[in-house]
Amino acid sequence: MGKKMTEGDDWHFDIQHIRAQTKFLREKLSAENLVVIYLENDFKAWPLWKQKHGDHLNLIQHIIDTLYKIIPAKNKSLYLNGHSGGGSFIFGYLAGLQKIPASVKRISFIDSNYGYDSSFYPKLKEWMQHVKDAHLTVFAYNDSVALYNGKPVVSATGGTWWRSHLMLKHFSGDYDFRRTQTDSLIIYQTKNKKIAFYLKENFNRGIYHTQQVELNGFIHSIFYGTKNESKGYEYYGPRAYSAYIE
C-alpha cells in the first residue's frame with residue numbers, strides 16, 4: 001500500500017503507493033464510494049498459486065463473486081485491475097466465464113498481461129460491444145530489451161511488450177486506433193476512448209515494471225476516458241499523490 005519512508009524501511013514501501021493514489025481518487029470522486037480490495041496468496045505470486053490449485057478457475061470466480069456481493073450497495077460496478085502477476089488472476093477469472101458480466105465496467109492491465117493469448121479476445125470483444133461503459137486500459141514497457149545484471153528479463157515474446165502488441169493487433173481488426181507519441185510513450189486509443197494502450201519505449205534497456213504504477217498509473221487506469229482524465233495528474237509524470245502518503 002505504501003508509506004512515508006523512514007530510515008531502515010524496505011524500498012518496496014515506496015514503489016506503488018496504492019493507498020495514496022486511492023485517496024487522490026476519492027477526493028475527485030467525492031460522490032462515489034470507492035472500495036479497493038487487495039488480493040494476495042501464500043505463494044506471493046498468482047501464476048504459482050494457479051499451478052498449485054487445479055480448480056483455480058472456480059476458486060477465482062467464487063472469490064470475485066463473493067467480494068462483489070458483500071459490498072452493501074444497490075448500484076455497483078466492478079473494476080478488475082492488476083499489476084505484474086495480478087494479470088494472471090484476471091485472466092483466470094476471464095477464462096472461467098462464458099461471457100464477461102455487465103457489472104464489470106473496467107479492466108486494466110498495468111504491465112501484467114503476460115498471459116494474454118487469442119483465446120481471450122472473443123470475450124473481451126463481446127464485452128466491449130455489449131457493455132456501454134466498458135473500458136480497457138493496457139500499460140506496458142519494452143521489456144523485450146530490458147536487462148537485469150546483463151541478462152534479458154524476459155524472452156522476446158514472453159513479456160508485456162510483445163503481448164500488448166498482440167492484443168493491439170487483435171483489437172485493430174475490429175476497432176480504429178489513433179496513434180500519438182510523447183518523448184517516451186506510444187499511445188493507441190480508440191476515438192470513443194474506451195480502449196487505450198500505453199506503451200513505454202526503453203532506450204537504455206532498463207526495468208520500468210513498477211514505475212508504470214508509481215507514476216500515477218493506478219489513477220490513470222481509473223480515470224482514463226472520464227471527465228477526470230489527466231486533471232491534476234499526468235500519466236508517467238510526477239507523483240500527483242505525494243500529499244496523501246502517510
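Using the charge dipole of region 12-244 (Lys, Arg: +1 at Cβ; Asp, Glu: -1 at Cβ; taken about the Cα centre), state which of Leu29, Phe203, Leu215 has its Cα farthest towards the positive end.
Leu29
Find how much the distance from Glu126 to Trp11 grows on full extension, using 0.36 nm per residue of separation minus their present alpha carbon separation; answer in nm with one decimal. Mind dumping the intermediate values first?
Values: separation 115, 0.36 × 115 = 41.40 nm, distance 4.13 nm.
Result for the pair: 37.3 nm of gain on full extension.
Can you give the alpha-carbon Rg of the chain over 2.2 N^0.38 Å, where N counts its residues? It would help to have the intermediate numbers written out before the result.
Details: Rg = 17.7 Å, N = 246, 2.2 N^0.38 = 17.8 Å.
With N residues counted in the chain, Rg over 2.2 N^0.38 Å equals 0.99.
5 Å is the cut-off here: which amide hydrogens, built 1.01 Å from N in the peptide plane, fall below it relative to Thr190, excluding neighbours closer than 5 in sequence?
Arg178, Ile195
Write out the chymotrypsin sites (Phe, Trp or Tyr not before Pro) in region 112-203 meeting two conditions: DSSP loop, and at most 12 other Cβ atoms within 10 Å of their Cβ.
Details: sites: Tyr114, Tyr116, Phe120, Trp127, Phe139, Tyr141, Tyr148, Trp161, Trp162, Phe171, Tyr175, Phe177, Tyr188, Phe197, Tyr198, Phe203; in loops: Tyr114, Tyr116, Tyr175, Phe203.
Passing both the DSSP loop test and the Cβ count: Phe203.
Just subtract the alpha-carbon distance of Phe203 and Lys3 from 0.36 nm times their residue separation and send over the number in nm, one decimal. Please list the in-between numbers first.
Numbers: separation 200, 0.36 × 200 = 72.00 nm, distance 3.06 nm.
Fully extending the segment from Phe203 to Lys3 adds 68.9 nm.
If the only charges are +1 at each Lys and Arg Cβ and -1 at each Asp and Glu Cβ, what is the size of the charge dipole of region 12-244 around the Cα centre, to the nearest 20 debye?
Roughly 520 debye, rounded to the nearest 20.
Do you know the relative contact order of the chain, to the nearest whole percent, from alpha carbon pairs under 8 angstrom that are 6+ apart? The partial results should precede the final answer.
Details: 381 pairs, mean separation 48.2, N = 246.
Relative contact order, the chain: 20 percent.
How much length is gained on full extension from Asn149 to Gln61, taking 0.36 nm per residue of separation minus their Cα-Cα distance? Please report the intermediate quantities before stating the final value.
On the way: separation 88, 0.36 × 88 = 31.68 nm, distance 3.88 nm.
So the extension gain works out to 27.8 nm.
All of the numbers you see were taken from the coordinates with simple rules; none came from a lab. These numbers come from a predicted model, not from an experiment. Reconstructed Cβ throughout: ideal geometry from the backbone, glycine too, with neighbour counts over all protein chains shown.
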